[in-house]
Every structure is written in C-alpha cells, then in structure tokens.
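The values are calculated or read from the model by the stated rules, or taken from the named source; none is laboratory data. No experiment lies behind these values; they were computed from the predicted model shown. Here Cβ is always computed from backbone atoms with ideal geometry, including for glycine, and neighbour counts include all displayed protein chains. All accessible areas refer to the heavy atoms of the entire protein, side chains included, with ligands and DNA or RNA removed. Shrake-Rupley method; radii C 1.70, N 1.55, O 1.52, S 1.80 Å.
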Amino acid sequence: DAKTTQPNSMESNEEEPVHLPCNHSTISGTDYIHWYRQLPSQGPEYVIHGLTSNVNNRMASLAIAEDRKSSTLILHRATLRDAAVYYCILRAPYNTDKLIFGTGTRLQVFP
Amino acid sequence: EAQVTQNPRYLITVTGKKLTVTCSQNMNHEYMSWYRQDPGLGLRQIYYSMNVEVTDKGDVPEGYKVSRKEKRNFPLILESPSPNQTSLYFCASSILTSGSYNEQFFGPGTRLTVL
C-alpha cells in the first residue's frame, strides 16, 4: 500500500481558509485519494475523495497536483468545529475496503 | 438516522475474562470492519467482513474473533483479553461496490482497558 506524508500539526484562526497538504509520491495510477477526519472523542468521518480532478463538496475541496504526487485539502472558512486530526489515505480500487490511516495532521483552530 | 452503534462505550476488565464488544449498523451495508487505535500507530484493521458468514483477517487479528451471522451485526470477541489489547476500538461499515470510493461510516468507539 502506498504511503502518505502529512505535517504533524497545523494552526488556523477561525473564519480563515486552511490548506492541509499531503504528499504521496509513490501513488499508483489507480489509487484514489481519500480524506477522513477525527473530531475529539469521536470516530473518523469521511470528508472527501478524488482521483485526478479537483473535487468540491459541502465540507471541503480537494486539490490534486497534476502529477498526483501530492494533494491539498482545503477548508474554505475554518470553524472551531473543524479542529480535528485529518488523515490523507490512498485506496486502491477493488481492494478489501481497508483504510490505512497514518498519523494525520492535527488542526488547531483559534477563535 | 443512519448510524453505527457500539456497546459498551467504556469497559474495564481483567486479564483472561472473555468479553464481547457489539457493533450494529442500520444502513444495510455489506461491509463491516473493526479497527483499533493506539497512540503513535494510528488505526489498524483487526478483522473485516464482506457479507454474512464471510469474514477475514486484517493486519492485527491475533487475540480477536469475530462473527457475522446477521448483516447488521458484527461483534468483536476477546476470548482471553490481555493488557496489550488495551486500546480504543472502532467499528465501521460501508456499501460494497466495485470501486474504491465507498465512504466508511464509523461508530463512536469503545475504550477498553485490560488490567
């Protein structure tokens, strides 16, 4: 399974945009990029996923580099509720649906 | 409300005393899985199930058993718990289609302490 690298922690002020980077230089051509987050004292929750094109949903945007060796999760206006650990995960198609979590990025949001 | 439930949420037990952590989902998902979360190691998969009566080992299955007799339930069984199984456990479920974009839904977690 391909590996991802994320910064251990990041900080943001409320209402500001946040860009969470992820490096995945060994990604294969068919791996999807998934993001999950884990709020304090809760189970992980799905945020967004993509393959090649940038993606948007109600929670966030995902920007994928043209060579697919990196991606960035964008929270357009951080709120206190966005304080969580964010995990970037690569998933091969037709696999056993296992999610391989790294240590993620702990995002702190200040009022 | 679509959800994955786990019981108990907190459990303190002693070495060797058999225990079961229940997991139930109300979304008619085929796929269910158990993970454990430990500091510095992230979440690791213990067992998973593709459907009723179909289970398989994940990355850290030693010391655990599972069963899938009904689609909605996927209990995790520790026949003889040991202190190294002290951890935070999560159950997850998802639909199972021929793609890798299936969102997994996680339960709230069970914090287990084995003395």
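For the subset of segment A:40-82 comprising residues that are away from every other protein chain (no Cβ under 12 Å), under 27 Å from B:CYS91 (Cα atoms) and among the charged types (D, E, K, R), which member is surrounded by the fewest Cβ atoms within 10 Å (Cβ to Cβ)? Filtering segment A:40-82 for residues that are away from every other protein chain (no Cβ under 12 Å), under 27 Å from B:CYS91 (Cα atoms) and among the charged types (D, E, K, R), the one surrounded by the fewest Cβ atoms within 10 Å (Cβ to Cβ) comes out as A:ARG58.
Would you check which residues across segment A:5-26 are among the β-branched types (Val, Ile, Thr) and out of contact with any Asp or Glu (no Cβ under 9 Å at 6 or more places or on another chain) and list them? Before you say what the answer is, go through the steps one by one.
Here is the first cut: in segment A:5-26, the ones among the β-branched types (Val, Ile, Thr) are A:5, A:18, A:26.
Those that are among the β-branched types (Val, Ile, Thr) and out of contact with any Asp or Glu (no Cβ under 9 Å at 6 or more places or on another chain): A:THR5, A:THR26.
Consider segment A:21-39 and keep the residues that are within 11 Å of chain B (Cβ to nearest Cβ) and open to solvent by 40 Å² or more (accessible area, probe 1.4 Å). The one that is nearest to the chain's Cα centre (by Cα) is A:TYR32.
Examine segment B:56-79 for a residue that is open to solvent by less than 70 Å² (accessible area, probe 1.4 Å) and among the acidic types (Asp, Glu), and state whether such a residue exists. Before the answer, list the steps.
Step one: filter segment B:56-79 for residues open to solvent by less than 70 Å² (accessible area, probe 1.4 Å), giving B:58, B:60-61, B:63-64, B:66-68, B:71, B:73-78.
Of the ones still in play, those that are also among the acidic types (Asp, Glu) are none.
The answer is no, given that none of the residues of segment B:56-79 is open to solvent by less than 70 Å² (accessible area, probe 1.4 Å) and among the acidic types (Asp, Glu).
For A:LEU90, indicate whether it is in contact with a helix residue (DSSP H, G or I) (Cβ under 6 Å, 6 or more places away or on another chain), at negative phi and touching a residue at least 24 places away in the same chain (Cβ under 8 Å). No, not satisfied.
Give B:SER33, B:SER24 a once-over and let me know the one that is within 10 Å of chain A (Cβ to nearest Cβ), under 14 Å from the mean Cα position of the chain (by Cα) and surrounded by 15 or more Cβ atoms within 10 Å (Cβ to Cβ). Write out each step before concluding.
On the way: B:SER24 fails: within 10 Å of chain A (Cβ to nearest Cβ).
None of the other options fit; the residue is B:SER33.
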